Amino acid sequence: MADFKTVVVKTDLLVCGGGMAACGAAIEASYWARQHGLKVTLVDKAAMERSGAVAMGLSAINMYVDLNGGQNTVKDYVDYVRNDLMGITREDLVANIARHVDSTVHLFEKWGLPIWKDKDGKYVHEGRWQLMINGESYKVIVAEAAKNALAETGGQYFERVFITHPLMDGDRCVGAIGFSTRDNTVYVFEAKATLVAMGGAVHVFKPRSTGEGFGRSWYPPFNSAGSAFFTLYAGAEMTCQEVRFIPVRFKDAYGPVGAWFLLFKALATNAEGKDYMVENAAELAKWEPYSRAKPIPANLRNWLMMLDVMAGKGPIYMQTADAIQRIAKESPDEKTAKKKLKELESEAWEDFLDMTIAQAGLWAATNVEPEVKPSEIMACEPYFIGSHSGASGAWVSGPSDLQTDATKSDYFWGYPNMTTVGGLFAAGDASGASSHKFSSGSFTEGRIAAKGAIAYVVDHNTAPQIDPALVESLKAEILKPLSTFEANRGNTTDADINPAYIRPRQFMYRMQKIMDEYAGGVSSQFKTSGTLLEKGKELLAFLRGDAAHLGAENLNELMRCWESVHRMHQAEAHVNSIHFREETRWPGYYFRTDKPALDNKDWLAFCNCVFDHATGEWKMIKRPVKYLVGIGSAAK
Ligand code: SFD
Ligand code: AMP
């Protein structure tokens, strides 16, 4: 095996990840770091211009509260998020992001992001909270600003360095260790505070795409539970690990539906052309009071659709043609109607070209003219994304000024967005119980967390003490798959089949099959039960045993090995959490057949968990849901 050199990087604040939250963190941290003579360092496993969920671009900014416009208050946003998550949310965290998000959006525009404007120069809304953008280069624009901020303040960024583990000094997190995916280098980042923003997780569950489409998913394949593993391994308390997200998307290429539902006001119907939201409306009575909210929570919208799928009424269609023709017909005369039709047609294509190019390719390949015929939609495999309509992530401290006497003992411990581990902060998909942040809110939360982290460094400005033996043992553990493969590859004629090691692809297939069949994936119609989960846990324990025998042929496969280990921890956290919550709260995301109803008496609570990596034990914790009263400028 080739030798690896070790590079030690000393910094004050380490930002792990280079996505929306990390870019927000880099910019805000650089501002405060300059004032205190501190250094900020950012590490991304990919190249920041095209990394994370926004790599391909986006066609909307989904969180804009427009406080200056006077139409909405912070409380309105909090109400929306609480209802959408069936009552389970940290209002202090959501409100903190909501009161700051507009300024983030204005920065994006200042840096060159084209936001659609109407003839009066006002932003074009997709829906109440969403703005339309020409967003193919969204991430390029945001990454450039983050890189500039770091460069101007003596900061540093590393790309194509994969973070594997946290480094600890007793109970305090003091940096991270990882390796280059391009050359034989192990990186040791020593920091006084560490901010985790490595996104959520995909491919924990078996995807719908197999064979030629394998790897295609809604969520970006490069987000592989790095955040969840990092915070779990450091001993941080996690929350909402049961709250997976199942988006409904255009079938096979995973194109988004938001613009169709909100901007074009299209209907989704079953194969008979019936609106499942109307046909199955009686079901909503079972999920009150949340089902009375407007909009009806995303998981319930999914659920009403799934009822039709299970009743054999598929395919389900987005009625694109009806929507486009209806809007065009609203024009005053035939000539304007024709022009409008062309405009709508190009907006429909741009929606996909801006953020899910494969869907435009699939439309072209299957002769779809959206103004002529409808397209199939379907529920995707489950994802872990605390920033969208899921909620999984670390349990973090809220801001001091938004606490009440009732909340502060549970929700506040000093620095905004610090996890339960000293010096370890989380934002974006990495922090939990604060859904509907999306791209703009994640960037904003990165700013909030970074400001908190710099305050922590100022208060704890001591050099970390890192045991060299700890670094050596982690380095050996990280590189072990390479030597396992090298030592045993000659023992079989087919390198994929070898009793001495398991390659990461086989490992991933096995994990995905367990999750799919026992934890309510696509092929189980998103249903599971206590007994299925127990069996799933038994099989995941065998998987964990085999994780020690992962084998890697090269650096790329070494990254795949560690992605597998990270995902395995996300899988375990998920299975333990759905098992712990003895009710069904989010039908449409998952359904517990043995506990088929809401139980607000016992389970209007957070399911939290802590992992002990030394023993492999999970501890489950129930935490109270406490609502704030009268947040925002006007309590509507
Ligand atoms: O509508 C490591 N999202 C949308 N948000 C919007 O505002 N508008 C939209 O139009 C959106 N749409 C959308 C969205 C997401 C996806 C996947 C699609 C479409 C197809 C949501 C936002 O994108 C999302 O909320 C934010 O991006 C979340 O930000 P953050 O920072 O939590 O995650 P990230 O941006 O994915 O970045 C993760 C970073 O971590 C790196 N990384 N680095 C080092 N070591 C490791 N081990 C690492 N593992 C990961 C990544 O490289 C990346 O830099 S709509 O369709 O929903
Ligand atoms: P999506 O493309 O599904 O990610 O949606 C983009 C944005 O629109 C998110 O803020 C969603 O919560 C919202 N959204 C999508 N569909 C609907 C709907 N039918 N009703 C209300 N909001 C929706």
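The values are calculated or read from the model by the stated rules, or taken from the named source; none is laboratory data. Just so we're clear, the structure is a prediction, and the values are computed from it rather than from any experiment. Quick reminder, even Gly has a Cβ in these numbers, built from the backbone with ideal geometry, and neighbours come from all protein chains shown. Just so you know, the surface numbers come from the protein's heavy atoms only, side chains and all, with ligands and any DNA or RNA stripped out. Shrake-Rupley method; radii C 1.70, N 1.55, O 1.52, S 1.80 Å.
Per-structure values
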{"item": "Residue in region 90-108 that is under 20 Å from GLU350 (Cα atoms) and within 16 Å of ligand 2 (Cβ to nearest atom) present", "result": "no"}
{"item": "Region 87-121 - residue that is part of a helix (DSSP H, G or I) and among the polar types (S, T, N, Q) and, of those, surrounded by the fewest Cβ atoms within 10 Å (Cβ to Cβ)", "result": "SER103"}
{"item": "Failed criterion for MET56 (all others in (1) of a type outside the set (Ser, Thr, Tyr); (2) within 16 Å of ligand 1 (Cβ to nearest atom); (3) not in a loop (DSSP other than H, G, I, E, B) hold)", "result": "(3)"}
{"item": "Count of region 122-160 residues which are within 16 Å of ligand 2 (Cβ to nearest atom) and part of a loop (DSSP other than H, G, I, E, B)", "result": "7"}
{"item": "Residue list for region 8-57, filter: open to solvent by 30 Å² or more (accessible area, probe 1.4 Å) and within 16 Å of ligand 2 (Cβ to nearest atom)", "result": "ALA53, MET56"}
{"item": "Verdict on GLU190 being among the acidic types (Asp, Glu), in contact with a strand residue (DSSP E or B) (Cβ under 8 Å, 6 or more places away or on another chain) and within 20 Å of ARG50 (Cα to Cα)", "result": "no"}
{"item": "Single match in PHE250, PHE214, PHE222 (criterion: away from ligand 1 (no atom under 15 Å from the Cβ) and either aromatic (Phe, Trp, Tyr) or touching a Pro at 6+ places or on another chain (Cβ under 7 Å) (or both))", "result": "PHE214"}
{"item": "Within region 119-159, considering residues that are more than 10 Å from ligand 1 (Cβ to nearest atom) and among the acidic types (Asp, Glu), the one farthest from GLY37 (Cα to Cα)", "result": "ASP120"}
{"item": "Given (1) surrounded by 19 or more Cβ atoms within 10 Å (Cβ to Cβ); (2) closer than 27 Å to THR366 by Cα, number of the condition ALA228 does not satisfy", "result": "(2)"}
{"item": "VAL309 being farther than 26 Å from VAL54 by Cα and out of contact with any Lys or Arg (no Cβ under 6 Å at 6 or more places or on another chain)", "result": "yes"}
{"item": "Restricting region 267-292 to residues that are assigned to a loop (DSSP other than H, G, I, E, B) and open to solvent by 10 Å² or more (accessible area, probe 1.4 Å), the residue that is nearest to ligand 1 (Cβ to nearest atom)", "result": "LEU267"}
{"item": "Failed condition for GLU557, given (1) part of a loop (DSSP other than H, G, I, E, B); (2) open to solvent by 10 Å² or more (accessible area, probe 1.4 Å); (3) acidic (Asp, Glu); (4) over 21 Å from ILE514 (Cα atoms)", "result": "(1)"}
{"item": "Inter-residue pairs, beta-carbon under 8 Å, first farther than 13 Å from LEU58 by Cβ and in region 102-115, second not in a helix (DSSP H, G or I), 6+ apart", "result": "ASP102/TYR64; ASP102/VAL65; ASP102/ASP66; ASP102/LEU67; ASP102/ASN68; GLU109/ILE115"}
{"item": "Some residue of region 433-443 being out of contact with any Asp or Glu (no Cβ under 9 Å at 6 or more places or on another chain), within 16 Å of ligand 2 (Cβ to nearest atom) and closer than 23 Å to THR11 by Cβ", "result": "yes"}
{"item": "Which listed residue, of PHE611, PHE606, PHE591, PHE580, is more than 30 Å from THR181 (Cβ to Cβ), within 26 Å of the chain's Cα centre (by Cα) and surrounded by 23 or more Cβ atoms within 10 Å (Cβ to Cβ)", "result": "PHE606"}
